[in-house]
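Everything on this sheet refers to the single structure shown next.
The values are calculated or read from the model by the stated rules, or taken from the named source; none is laboratory data. Since this is a predicted model, take the numbers as computed values, not measurements. All Cβ positions, even for glycine, are placed from backbone atoms using ideal geometry, and neighbour counts span all protein chains on display. Note: areas computed on protein heavy atoms with side chains; ligands, DNA, RNA excluded. Shrake-Rupley method; radii C 1.70, N 1.55, O 1.52, S 1.80 Å.
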Number of protein chains: 2
Amino acid sequence: MTDNRKKSTRARAPEKKKEQFNKILEEGKELFIKYGSHGFSLRALAKRMKMSQSNLYNYVQSKRELWIAIRIKYFKEFQEKFSEIVETHKDSYVDIWLKMATFFLEFAAADYRRFAIMFLISAPPSEKIGPFEKKYKPFQLVNQALLVVEQAIDAKKIKKDSAIELFYYVYGVLLGAAQVEFQLSKKIYQPITAEEQKISVDQFRKFTLEEISKRVEQELL
Amino acid sequence: MTDNRKKSTRARAPEKKKEQFNKILEEGKELFIKYGSHGFSLRALAKRMKMSQSNLYNYVQSKRELWIAIRIKYFKEFQEKFSEIVETHKDSYVDIWLKMATFFLEFAAADYRRFAIMFLISAPPSEKIGPFEKKYKPFQLVNQALLVVEQAIDAKKIKKDSAIELFYYVYGVLLGAAQVEFQLSKKIYQPITAEEQKISVDQFRKFTLEEISKRVEQELL
DNA sequence: TTATTTAATTGTCAGCGTTAATTTAGTGGT
DNA sequence: ACCACTAAATTAACGCTGACAATTAAATAA
């Protein structure tokens, strides 16, 4: 056994501690992306951080909390890019929807494990509820997109009555489509019966985006 | 510590062993449904079975294999009910789609953990690939529904060109919708901004089914 | 009745999240 | 420059997990 720890140093200044915590989150992200939820252990993370495993508890109350902290960070990154699309849009209402949808599907496909930790896998259970869990609200990402819808309603560009329903519906469509794309992209899958059942990821995405586009068009006044 | 094991008996006849294995799957299902993926341990299952934990390995190569075996069993149950709908249908093409979709969403909502083990959570990893994993094909459930589509194509009731795309699309819609419904049903969730963002599960389902219905209608010749 | 087979057992392993007790590096006050 | 204090870091241990090896003994076949 070689000693992997670095020359023992302590992050005492609040700024230094924040920095250290941030590094923990970054290493945690990498660990998760590389080895998945089952390879994501505090011991492995500690080794990467060159610190003892129990020292992580000076930064986080539980594995669950760490998990949620990473999720929140991913959502922040997601929001940032998402906001950019939303705020700089000069396109039509339909086009902005198309851009948001495309971004969502590309984001999921670019790193499915990241997508999974954000939208699919629930955090490991813990006895206590920590600060990150209290802070975290599901459906948070939704708000950014909802803003677009509301602005359009206010500007009387679209029908008001079913806008919210449609919004959640499209969110569901994208959530499901991202998963179907992933399953389609796996080599393992081979349709059992006929030849014509085959479908490529590109084909599927094109179809999905067109469906969304057509549906949103109907909403215009 | 009380000894929970039953008076030691052995299931040696092939029939008896099959029976015993079936009981393992049934208890496993219950355990999973009751305590979720994290409460689902071989030791807890063994206790329920009143046997030693390592004896489970006489029935299954790994926890992963057990997981997949349970998943397969759930799919069989799903297929059975699904087939009934498909095979006894006297309705229009649109109505049968509506029935399939309704069944899917009701199935998911009736027991979300069951739905999750079938469609969302991936089985825990294992070093070796067992017989159940070899047997299991993802997208298997899809075939039953595909049959309906193909029959309709053959009967020249619907457009052929985009039938398969639409099929996968609707599958994605349902997969996503089931998850949105679940999130909406959680008490935790409270929208942040305006009042009108609220939406009930019933509202959402109604909307979703209507969307599917409208979309399938367009496919008719 | 005996030999064989194999279900079921005990014991052990490394790995996991978590906690308690302890050490010691970094900070602020004098 | 020194000292006291705080808290980041350590070591050690707990009970849990999936898995494996060796052993026992119940059910079957000869």
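Assorted remarks:
- Test: residue in region B:164-178 that is at the interface with another protein chain (Cβ under 7 Å from one of its Cβ atoms), open to solvent by 10 Å² or more (accessible area, probe 1.4 Å) and more than 20 Å from the chain's Cα centre (by Cα): yes
- Looking across region B:56-69, the residues that are open to solvent by 20 Å² or more (accessible area, probe 1.4 Å) and near DNA strand D (Cβ under 8 Å from one of its atoms) come down to B:TYR57, B:GLN61, B:LYS63, B:ARG64.
- Only listed residue being among the aromatic types (Phe, Trp, Tyr) and farther than 30 Å from B:ILE164 by Cβ, chosen from B:PHE32, B:PHE104, B:PHE119, B:PHE75: B:PHE32
- Pick from region A:30-51, criterion within 9 Å of DNA strand C (Cβ to nearest atom) and closer than 18 Å to A:LYS18 by Cα, ranking: nearest to the other protein chains (Cβ to nearest Cβ): A:LEU45
- Residue among A:VAL94, A:VAL148 that is more than 30 Å from B:ARG113 (Cα to Cα), in contact with a strand residue (DSSP E or B) (Cβ under 9 Å, 6 or more places away or on another chain) and open to solvent by less than 30 Å² (accessible area, probe 1.4 Å): A:VAL94
- Some residue of region A:122-134 being within 12 Å of chain B (Cβ to nearest Cβ), at pLDDT 95 or above, crowded, with 19+ Cβ neighbours inside 10 Å and within 27 Å of B:ARG113 (Cβ to Cβ): yes
- Some residue of region B:135-142 being away from DNA strand C (no atom under 16 Å from the Cβ), of a type in the set (Ser, Thr, Tyr) and modelled with pLDDT of 85 or more: no
- Exactly one residue among B:LYS47, B:LYS16, B:LYS73, B:LYS29 is surrounded by 15 or more Cβ atoms within 10 Å (Cβ to Cβ) and within 13 Å of DNA strand D (Cβ to nearest atom), and that residue is B:LYS47.
- One residue stands out among those in region B:135-145 that are free of Cβ contacts under 8 Å to residues at least 60 places away in the same chain and open to solvent by less than 60 Å² (accessible area, probe 1.4 Å): the one that is farthest from the other protein chains (Cβ to nearest Cβ), which is B:VAL142.
- Scanning region A:1-13 for residues that are exposed (fewer than 11 other Cβ atoms within 10 Å of the Cβ) and either in contact with a Lys or Arg (Cβ under 9 Å, 6 or more places away or on another chain) or modelled with pLDDT of 85 or more (or both) turns up A:LYS6, A:THR9, A:ARG10, A:ARG12, A:ALA13.
- Residue list for region A:59-108, restricted to those being hydroxyl-bearing (Ser, Thr, Tyr), within 30 Å of A:SER126 (Cα to Cα) and not in a helix (DSSP H, G or I): A:TYR59, A:SER62
- Residue in region B:63-76 that is within 12 Å of DNA strand C (Cβ to nearest atom) and of a type in the set (D, E, K, R) present: no
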